[in-house]
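This report concerns only the one structure given below.
The values are calculated or read from the model by the stated rules, or taken from the named source; none is laboratory data. The model shown is predicted, which means the values in this text are computed figures rather than measured ones. Reconstructed Cβ throughout: ideal geometry from the backbone, glycine too, with neighbour counts over all protein chains shown.
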Ligand SMILES: [Zn+2]
Ligand SMILES: [Zn+2]
């Protein structure tokens with residue numbers, strides 16, 4: 001196997017905590033979904049996923065806190081970071097650091113294999129969901145000091161798993177075991193697997209209009225995954241316009257995260273929303289080209 005690190009001083013190691021966290025939700029889901037599933041619990045679980053992942057992950061942490069594609073009041077920023085915690089994906093601060101690290105490497109030609117997506121889906125399942133990438137220093141990645149020192153993000157960094165386990169315990173106590181399986185375990189394991197799968201697919205397959213010069217990875221747009229991931233699946237648009245709050249740029253690229261952003265702007269909770277096409281959000285090194293498709297190849 002090719003060395004997935006490019007610098008020997010960085011660490012890439014099996015992470016027990018990360019692996020246990022995944023199977024803590026995945027195994028009970030696989031075992032009990034058959035007996036716990038009902039239409040009512042399915043609808044509640046889906047609705048919780050929709051609001052928590054869309055507002056907490058896509059609108060809040062990704063577009064708001066990491067890319068600063070709009071300005072918000074402090075309570076809005078903190079609430080969306082808290083919602084992110086309840087996705088079960090982990091610490092918002094750890095994801096922020098990883099995002100800056102990954103962006104830095106993907107925009108260079110000497111990108112480590114771990115961030116390159118030249119490997120198979122099975123390899124990525126192991127790498128992405130079981131390994132931990134720890135750079136020796138965060139200095140090259142230009143992470144804003146205000147984020148690294150943000151007291152709320154630092155508190156959530158230390159306590160995030162307690163909030164997730166606490167909500168699961170409350171659901172179990174108040175609404176029963178089946179409700180905890182459907183609205184806790186199934187919701188969180190689907191989010192963990194969905195987040196990993198969409199991340200893999202939208203770096204490899206789909207259509208693209210932009211190429212980022214001197215970058216190893218420019219991302220792909222995927223219409224169906226774009227819809228179910230609240231806009232995150234229009235990943236070529238995002239690589240080219242990282243500061244745009246709008247990910248879906250064509251009329252058919254349905255972007256639920258963007259619709260929430262418009263609503264929150266109307267309510268006065270956020271302002272100075274940056275929008276591709278209206279504001280200058282195109283990366284300097286990005287060029288526009290004719291549509292290009294990348295399909296999966298099936299080898300027998
Ligand atoms: Zn991003
Ligand atoms: Zn990417």
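In the set (1) farther than 20 Å from residue 60 by Cβ; (2) within 16 Å of ligand 2 (Cβ to nearest atom), the condition left unmet by residue 277 is number (2). Every condition in (1) more than 14 Å from ligand 2 (Cβ to nearest atom); (2) part of a helix (DSSP H, G or I); (3) crowded, with 18+ Cβ neighbours inside 10 Å holds for residue 238 except the one numbered (1). A single entry from 29, 58, 45 fulfils the requirement of being surrounded by 19 or more Cβ atoms within 10 Å (Cβ to Cβ) and under 30 Å from residue 149 (Cβ atoms): 58. Out of 242, 296, one residue alone is more than 16 Å from ligand 1 (Cβ to nearest atom) and in contact (Cβ under 8 Å) with a residue 24 or more places away in the chain. It is 296.
Filtered by the rule that a residue be within 14 Å of ligand 2 (Cβ to nearest atom) and closer than 17 Å to residue 201 by Cα, segment 104-117 gives 106, 114, 115, 116, 117.
Of the numbered criteria (1) more than 17 Å from the chain's Cα centre (by Cα); (2) surrounded by fewer than 20 Cβ atoms within 10 Å (Cβ to Cβ); (3) more than 16 Å from ligand 1 (Cβ to nearest atom), the one residue 216 fails is (3). Residues in segment 225-235 that are part of a loop (DSSP other than H, G, I, E, B) and within 12 Å of ligand 2 (Cβ to nearest atom): 232, 233. The set of residues from segment 260-288 being exposed (fewer than 10 other Cβ atoms within 10 Å of the Cβ) and either in contact (Cβ under 8 Å) with a residue 12 or more places away in the chain or closer than 13 Å to residue 238 by Cα (or both) comprises just one member, 288.
Identify all residues within segment 212-224 that are within 14 Å of ligand 2 (Cβ to nearest atom) and under 23 Å from residue 113 (Cβ atoms); write none if there are none. Selection gives 212, 215, 216, 217, 218, 219, 220, 222.
Given the residues 199, 257, 194, 233, which is the only one that is touching a residue at least 12 places away in the same chain (Cβ under 8 Å) and closer than 23 Å to residue 73 by Cβ?
Numbers: 199 fails: closer than 23 Å to residue 73 by Cβ; 194 fails: closer than 23 Å to residue 73 by Cβ; 233 fails: closer than 23 Å to residue 73 by Cβ.
Checking each option against the conditions leaves just 257.
Taken over segment 256-293, residues that are outside any strand (DSSP E or B), within 14 Å of ligand 1 (Cβ to nearest atom) and modelled with pLDDT of 95 or more amount to 2.
This table checks each residue for (1) within 20 Å of the chain's Cα centre (by Cα); (2) more than 14 Å from ligand 1 (Cβ to nearest atom); (3) without any contact (Cβ under 8 Å) to a residue 24 or more places away in the chain; (4) farther than 18 Å from residue 11 by Cβ.
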{"position": "105", "(1), (2), (3), (4)": "yes, no, no, no"}
{"position": "122", "(1), (2), (3), (4)": "yes, yes, yes, yes"}
{"position": "128", "(1), (2), (3), (4)": "yes, yes, no, no"}
{"position": "134", "(1), (2), (3), (4)": "yes, yes, no, no"}
{"position": "151", "(1), (2), (3), (4)": "no, yes, yes, yes"}
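Of all positions in segment 182-203, at least one carries a residue that is touching a strand residue (DSSP E or B) at 6+ places or on another chain (Cβ under 9 Å), at negative phi and surrounded by 20 or more Cβ atoms within 10 Å (Cβ to Cβ).
Enumerate the helices (runs of 4 or more DSSP H) found wholly within segment 108-160, keeping only those where 3 or more residues are modelled with pLDDT of 95 or more. The qualifying helices (runs of 4 or more DSSP H) are 121-130, 145-148.
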